[in-house]
Amino acid sequence: MADFLMPSLGADMEVGTVLQWLVKPGDVVKRGDIVAVVDTEKATIEVEIFQAGVIQKIVVPEGEKVPVGTLLAVIAANGEPVTAAAAPEAKPKPAVAAPVVKAPAPPTPSAPRPVVQKPAEPHRMRVSPLAMRVAMDLKVDLAKVKGTGPDGAITKADVERAAKAPPPAAPMAAPTVGPAPGAQAKPAVGAADHHATMRKVIAAAMARSKREIPHYYLGTQIDVSKALAWLQAENLKRPVTERMLYSVLLLKAVALATRQIPEMNGFWIDGTFKPSEVAHVGVAISLRQGGLIAPAIHDVGTKTLSEIMVNLRDLVKRVRAGVLRSSEIADATITVTSLGDQGVETVFGVIYPPQVALVGFGKIVERPWASGGMVGARPVVMASLSGDHRASDGHRGGLFLATIERLLQEPEKL
Amino acid sequence: MTEAEIKALYLRELHKIAPEVELDKIDPAIDLREQIDLDSMDILNLAIAIHESTGVDIPEADYPQMASMSGCVAYLRSRST
């Protein structure tokens with residue numbers, strides 16, 4: 001028997017709302033399966049499960065907001081008899097070696113667990129996760145929304161249309177997929193407030209970073225003419241669908257450089273540095289609605305540039321749609337922020353705890369560049385490192401940036 | 001493809017890339033990178049989607065023309081004749 005708890009999806013998460021269960025009691029799951037969709041105030045996350053077994057009981061119903069560490073569901077290991085839904089009470093059991101470091105947080109006093117009224121649900125509605133999230137924000141009852149998407153799926157536009165329609169006489173009277181009454185700490189979280197919530201979440205994480213992490217900063221200019229020329233020639237050979245973006249080279253170079261200087265890659269936990277064998281590179285992606293998020297591409301160092309590109313495309317697409325996976329959010333071991341072709345020349349980032357380094361790349365600019373006694377115009381990028389002085393020193397940080405620079409001079413080897 | 005078909009295609013793909021954008025407020029003449037903060041990944045996805053729907057091969061050097069609806073219409077019309 002194992003407990004499936006509300007995961008901590010990043011240092012800035014304290015509570016999460018179960019938007020949707022994708023499994024029901026009796027379903028067989030394996031490691032890595034997506035079992036639930038959770039809203040974290042910052043993004044909608046598809047939560048993966050890390051043990052195989054059979055779902056025995058779902059404890060937290062859809063629509064309920066609970067603290068990190070709360071028991072969400074009980075899973076019977078494969079072979080273990082599944083005691084039928086003779087429901088044990090919805091209390092966290094005396095945790096048998098809970099997989100989370102933190103003890104399960106006590107239920108918030110402001111959110112007394114409401115009686116688990118199962119919404120009558122003969123068939124599952126087709127609702128895009130983005131629409132689901134907007135529905136929660138706008139307090140729209142999805143049961144009353146007419147879907148116009150593929151196969152009658154409810155889209156964001158449908159929800160917004162429903163929100164604009166005059167409210168029926170008794171709002172929220174029917175069984176609803178929306179938040180259970182009283183489940184929400186705050187009275188009303190409108191769509192406009194979503195931005196404020198996002199800022200609050202970022203504020204908490206960044207304030208913690210600056211409070212706890214003694215940052216040091218280094219910067220160096222890198223000639224990227226070879227990298228860009230190689231990329232252009234490579235892309236000429238490729239069909240539209242397989243072309244790569246320049247930032248893929250940066251991600252791979254950073255991942256490879258962590259092999260030389262491992263103190264940049266890992267977590268600072270409980271007063272010690274825990275290096276990571278592999279580099280899960282977090283990619284800072286700004287959200288057009290405001291705010292940003294830095295999900296990880298896993299094990300970048302062993303992937304080809306083409307594979308990284310496929311991952312990056314997929315990741316950006318899902319960030320834009322507002323849906324990410326739990327493993328991407330929680331386990332970046334180092335973060336890269338690249339300003340691409342717009343913005344400014346230099347960025348010194350704030351480290352995302354518990355990580356210990358952040359590499360920044362400014363926009364590409366053409367600059368006079370002296371080399372071999374000659375001055376020519378070259379595309380140049382300012383690479384910066386924000387390092388955690390508890391885990392490394394400026395000397396090693398300098399070697400790290402120098403390694404990145406060297407790797408970018410031989411793009412064909414990346 | 002007619003101009004109307006190209007526009008419809010463009011808006012449909014743009015909606016997939018930027019679902020939060022209100023399409024009826026898009027100015028067809030202005031670069032979307034400035035207008036709604038699209039980045040290089042968004043423009044690449046737009047180029048890929050347009051390539052997949054039309055079969056027109058779009059060299060990387062022409063991507064900037066995908067960044068506005070008018071630019072894309074002019075580009076595709078010149079390429080498909």
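Tabulated data for the structure shown
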| quantity | calculated |
| --- | --- |
| Ranked list, fewest to most other Cβ atoms within 10 Å of each Cβ, for A:241, B:54 | A:241, B:54 |
| Per-residue HN-Hα couplings for segment A:211-227 [Karplus 6.51, -1.76, 1.60; θ = phi - 60°; Hz; x = Gly/Pro] | 6, 9, 9, x, 6, 10, 10, 9, x, 8, 8, 10, 6, 9, 4, 5, 4 |
| Difference of contour (0.36 nm per residue) and Cα-Cα distance, residue A:216 to residue A:259 | 13.4 nm |
| Too-long pairs where the Cα-Cα distance tops 21 Å, listed order kept, from A:42/A:139; A:30/A:57; A:200/B:25; A:65/A:164; A:237/B:16; A:42/A:252 | A:200/B:25; A:65/A:164; A:237/B:16; A:42/A:252 |
| Within 10 Å of each Cβ in A:281-289, the average number of Cβ atoms from other chains | 2 |
| FRET efficiency, residue A:289 to residue A:161 (Cβ-Cβ, R0 25 Å, nearest 0.05) | 0.85 |
| Distance between modelled label sites at residue B:74 and residue A:375, nm, 7 Å Cα→Cβ extension | 3.7 nm |
| MRE, 222 nm, helices only [DSSP H, n ≥ 4, -39500 (n - 2.57), over chain B, to nearest 500] | -17000 deg cm²/dmol |
| Ranked A:363, A:200, criterion: other C-beta atoms within 10 Å, fewest first | A:200, A:363 |
| Label point distance in nm, residue B:3-residue A:78, each placed 7 Å from Cα along Cα→Cβ | 6.2 nm |
| Estimated vicinal HN-Hα couplings, Hz - segment A:61-67 in sequence order (Karplus 6.51, -1.76, 1.60; Gly, Pro = x) | x, 4, x, 8, 9, 9, x |
| Amide proton proximity set for residue A:5, modelled H, under 5 Å, gap of 5+ | A:72 |
| Exercise: per-residue mean of other protein chain Cβ atoms within 10 Å, A:17-25 | 0 |
| Segment A:250-351 shape via C-alpha gyration tensor axes, a/c threshold 1.5 | rounded |
| Derived scalar couplings ³J(HN,Hα) [segment B:16-21; Karplus, 6.51 cos²θ - 1.76 cosθ + 1.60; whole Hz; x for Gly, Pro] | 5, 7, 10, x, 7, 7 |
| Normalised contact order of segment A:269-343, rounded percent, pairs of Cα under 8 Å and 6 or more residues apart | 40 percent |
| Interchain or long-range residues, amide H under 5 Å from residue A:33's placed H | A:49 |
| Anisotropy class of segment A:355-411 from Cα gyration tensor, a/c 1.5 cut | prolate |
| Percentage relative contact order, segment A:1-70, counting C-alpha pairs under 8 Å, at least six apart | 42 percent |
| Projected label distance in nm at residue A:272 and residue A:203, using a 7 Å step from Cα toward the beta-carbon | 3.7 nm |
| Shielding by partners, peptide B:36-45 (average Cβ within 10 angstrom, other chains) | 6 |
| For segment A:322-401: rounded, prolate or oblate by the Cα gyration tensor [a/c cutoff 1.5] | oblate |
| Amide H contacts under 5 Å for residue A:56, placed H, 5+ residues apart | A:26, A:74, A:75, A:76 |
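Taken together, the values in this text are just the output of simple stated rules run on the coordinates, not laboratory data. Just so you know, these numbers come straight off a predicted model, no measurement behind them. Glycine gets a Cβ as well: all are built from the backbone with ideal geometry, and neighbour counts include every protein chain shown.
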